[in-house]
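First comes the structure, then the notes that go with it.
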Amino acid sequence: MTAGAAEESRSSLSALLLDPSFWADWASVVGLVGLVIVFGIAQPVFLSVANLQALLLAAAILVVLSIGQTFVVATSGIDLSLAAAVMLGAIILGLVNAAGWGIFAACVLAVLATSAVGFLNGVLITAGKIPDFVVTLGALSGITGLGLILSGGEPTMVGSTFLLRLASGSFGPFGYPVWVAIAAVIVAHVALYHTRFGVHLLATGGQAESASALGIRTGRVKIAAYTISGFCAGIASLLLVARIGSAEPLINTSLLLNSVAAVVLGGVSLFGGRASILGPAIGALMLTALVNGLTLLSVSAFYQPLAVGAIVVLAALIMRYQK
Amino acid sequence: MSAVHHTPSTEAILACDGLSKHFGGIRAFTDVAFQARRGEVTAVIGDNGAGKSTLIRCLVGVHAPDGGEIFFDGRPHPFSNPDEARKAGIETVHQNLALIDELTVAQNLFLNREIVRRIGPFALLDRKAMKTQARAMLSRLSINVPSVTQRVRRLSGGQRQAISICRAAGSGAKLVVMDEPTAALGVQETGNVEALIRRLREQGVSVILVSHNFDQVRRLSDQIWVMRAGRMAATVRASETTGNELVALVTGAA
């Protein structure tokens, strides 16, 4: 390489590093690398293979949920009922299993139920012409009540060898839940970037009116996005029940907030029309790494939501520079 | 002057006769006869509220007319929605609804008619083929854009309009309908879009052009139809009229 070319590449690199839109596009990657460096220096155990494996395992559920949230946000919507749907899926799984239907039927019914919740959200939003926010907020409350009614407020033990193996078994370097998350990332990435549905999804989110003027059935696209979100909630509920061994009528609100946070960190525009799958997945990893690192540094758990909140707002500020 | 009447000739690609449309008690237009000849640029002019845009929307299936008959390629009652019109070969360039900002030039050109490869039960986008064909479509109409992978948001108004016209023409449309294609453009960009419309005609595509700009209409079109207060007031050959005559026809001073 000649001196001139080297200089040019150096100046284009510094131009890239000075360009705020570069940081906005890669916020989740930059954040993850930054956290890994900081935590790795402060607490070397953080970088141990065992801890990294535990971290990935803990991130799997959030990665799957963030993918579902990404599809909805890409249509300029938001799914506030995501964590409630996870609870509903878990309860249905527990009850169907307890009724003696077998674990596979229980898993299938759980995923069907959460997908139906997503479908219903989509139909109410498009056919009922009600804002996404209102419908999914209503669904959040409605599903919470439904979960409590179905379960009587009591947790159900799920003692299934299949779920136990799903939670604790591993293939190669990763546990099965991590592979589930990886598979979800790949399938979602292909759907978003390599299918007509993906393009129509972004068109619907970008400018719904133009998209429908060009013949795209934007209502159907939106319903599909919410159904995918519900499906992801179902998969997450299987991973959750497998992880804790019982179905609890409790909503983990941090799952909902973190799924939106991961989407924002991943560079997905909350106004729709711009999305990636890798970004939110890495955003979910980053949020999990944050909690994991703070725990290793013996920081009180009370500070963790504060740290997550600060990082999300910071990411949103950087996003303003996205081109 | 009395309303224009005619029987649609075989050289008409799109025609209507006795067409009326009202919204509740408000009359958009009444008893309108119109035809666009094959291979020509046909202009529709008129003051604001004369009924031009509503007439066009009825012709391309957005609105259903209340009375009268529409003929496309000699066939009566051709379509009941814009999708059918599109399938029959009519593409409409909407004023503000033509492109998706966040998608690339190539994605916009192939939106809702993406090229896919079948792999087993799955249909995956053939992005390479779409990029190549997008470049070919743009160069056929001599449209300059930096790259087909550029997001449309970053392009100028003239480039965007050129791409939406290219999109309309690129589907093998027989007729391209444009509502005020240069309304928001600067002088040079207007010139580029006008050149583009001429190239379309040279390639045998029929064009219907709705415009406020009388000079532009005389420069570009073969036949001019004048609407006034919900009626078709007159039709003239562009080569046989003057700007003053058009002003008089539009305002009703003639």
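For residue A:196, state whether it is out of contact with any strand residue (DSSP E or B) (no Cβ under 8 Å at 6 or more places or on another chain), at pLDDT 90 or above and surrounded by fewer than 22 Cβ atoms within 10 Å (Cβ to Cβ).
Values: out of contact with any strand residue (DSSP E or B) (no Cβ under 8 Å at 6 or more places or on another chain): no; at pLDDT 90 or above: yes; surrounded by fewer than 22 Cβ atoms within 10 Å (Cβ to Cβ): yes.
When the stated conditions are applied, residue A:196 does not pass them.
In the range A:115-170, how many are part of a helix (DSSP H, G or I), more than 22 Å from the chain's Cα centre (by Cα) and more than 30 Å from residue A:219 (Cβ to Cβ)?
Matching residues across the range A:115-170 total 8.
Specify the residue that is farthest from the other protein chains (Cβ to nearest Cβ); the eligible residues are those in the range B:55-81 that are out of contact with any Lys or Arg (no Cβ under 6 Å at 6 or more places or on another chain) and surrounded by 21 or more Cβ atoms within 10 Å (Cβ to Cβ). Working first, answer last.
Residues of the range B:55-81 that are out of contact with any Lys or Arg (no Cβ under 6 Å at 6 or more places or on another chain), as a first pass: B:55-57, B:59-62, B:64, B:67-81.
Then keep just the ones that are surrounded by 21 or more Cβ atoms within 10 Å (Cβ to Cβ); that gives B:55, B:59-61, B:70, B:72.
Details: B:55: 18, B:59: 16, B:60: 11, B:61: 12, B:70: 20, B:72: 18 Å.
Once the filter is applied, the top-ranked residue is B:70.
Which of the following residues is facing chain A (nearest Cβ under 10 Å), assigned to a helix (DSSP H, G or I) and surrounded by 14 or more Cβ atoms within 10 Å (Cβ to Cβ): B:133, B:107? Give the steps one after another, and end with the answer.
On the way: B:133 fails: facing chain A (nearest Cβ under 10 Å).
Going through B:133, B:107 in turn, the sole match is B:107.
Can you find a residue in the range A:258-270 that is within 14 Å of another protein chain (Cβ to nearest Cβ), more than 19 Å from residue A:318 (Cα to Cα), touching a Phe, Trp or Tyr at 6+ places or on another chain (Cβ under 8 Å) and surrounded by 23 or more Cβ atoms within 10 Å (Cβ to Cβ)? Quick ask: steps written out before the conclusion?
Filtering the range A:258-270 for residues within 14 Å of another protein chain (Cβ to nearest Cβ) gives A:267-270.
Narrowing further to those that are more than 19 Å from residue A:318 (Cα to Cα): none.
Within the range A:258-270, none of the residues are within 14 Å of another protein chain (Cβ to nearest Cβ), more than 19 Å from residue A:318 (Cα to Cα), touching a Phe, Trp or Tyr at 6+ places or on another chain (Cβ under 8 Å) and surrounded by 23 or more Cβ atoms within 10 Å (Cβ to Cβ).
Among the candidates A:217, A:243, which residue alone is within 14 Å of chain B (Cβ to nearest Cβ) and farther than 20 Å from residue A:135 by Cα? Working first, answer last.
Working: A:243 fails: within 14 Å of chain B (Cβ to nearest Cβ).
Exactly one of A:217, A:243 is within 14 Å of chain B (Cβ to nearest Cβ) and farther than 20 Å from residue A:135 by Cα, namely A:217.
All but one of (1) more than 10 Å from chain A (Cβ to nearest Cβ); (2) surrounded by fewer than 22 Cβ atoms within 10 Å (Cβ to Cβ); (3) assigned to a helix (DSSP H, G or I) hold for residue B:87, so report the exception by its number.
Residue B:87 satisfies all of (1) more than 10 Å from chain A (Cβ to nearest Cβ); (2) surrounded by fewer than 22 Cβ atoms within 10 Å (Cβ to Cβ); (3) assigned to a helix (DSSP H, G or I) except (1).
I'd like the full set of residues that are part of a helix (DSSP H, G or I) and either facing chain B (nearest Cβ under 7 Å) or of a type in the set (Phe, Trp, Tyr) (or both), limited to the range A:204-214.
Kept after step one, since they are part of a helix (DSSP H, G or I), are these residues of the range A:204-214: A:204-206, A:208-213.
Across the range A:204-214, the qualifying residues are A:206, A:209, A:210, A:211, A:213.
Among what's in the range A:249-265 and is in a helix (DSSP H, G or I) and among the β-branched types (Val, Ile, Thr), pick the residue that is modelled with the lowest pLDDT. Steps first, please.
First, the residues of the range A:249-265 that are in a helix (DSSP H, G or I): A:253-265.
Adding the requirement that they be among the β-branched types (Val, Ile, Thr) leaves A:253, A:260, A:263-264.
Details: A:253: 84, A:260: 91, A:263: 92, A:264: 88.
Per the stated criteria, the residue is A:253.
Cβ contacts < 6 Å: first residue in contact (Cβ under 8 Å) with a residue 40 or more places away in the chain, restricted to the range B:210-231; second residue in a loop (DSSP other than H, G, I, E, B) and crowded, with 21+ Cβ neighbours inside 10 Å, any location; separation 6+ or different chain. Result?
B:217/B:211; B:227/B:50; B:227/B:51; B:228/B:50; B:230/B:51
Mind checking whether some residue in the range B:147-156 is surrounded by fewer than 19 Cβ atoms within 10 Å (Cβ to Cβ), of a type outside the set (A, V, I, L, M), more than 13 Å from the chain's Cα centre (by Cα) and farther than 11 Å from residue B:105 by Cα?
The answer is yes, given that some residue of the range B:147-156 is surrounded by fewer than 19 Cβ atoms within 10 Å (Cβ to Cβ), of a type outside the set (A, V, I, L, M), more than 13 Å from the chain's Cα centre (by Cα) and farther than 11 Å from residue B:105 by Cα.
List the number of the failed condition for residue B:100; all other conditions in (1) within 14 Å of chain A (Cβ to nearest Cβ); (2) crowded, with 17+ Cβ neighbours inside 10 Å; (3) of a type in the set (A, V, I, L, M); (4) part of a helix (DSSP H, G or I) hold.
So the condition that residue B:100 fails would be (4).
The values are calculated or read from the model by the stated rules, or taken from the named source; none is laboratory data. Owing to the predicted nature of the structure, the values given are computational and were not obtained by experimental measurement. As a convention, Cβ positions derive from the backbone with ideal geometry for all residues, glycine included, and neighbour counts pool all protein chains shown.
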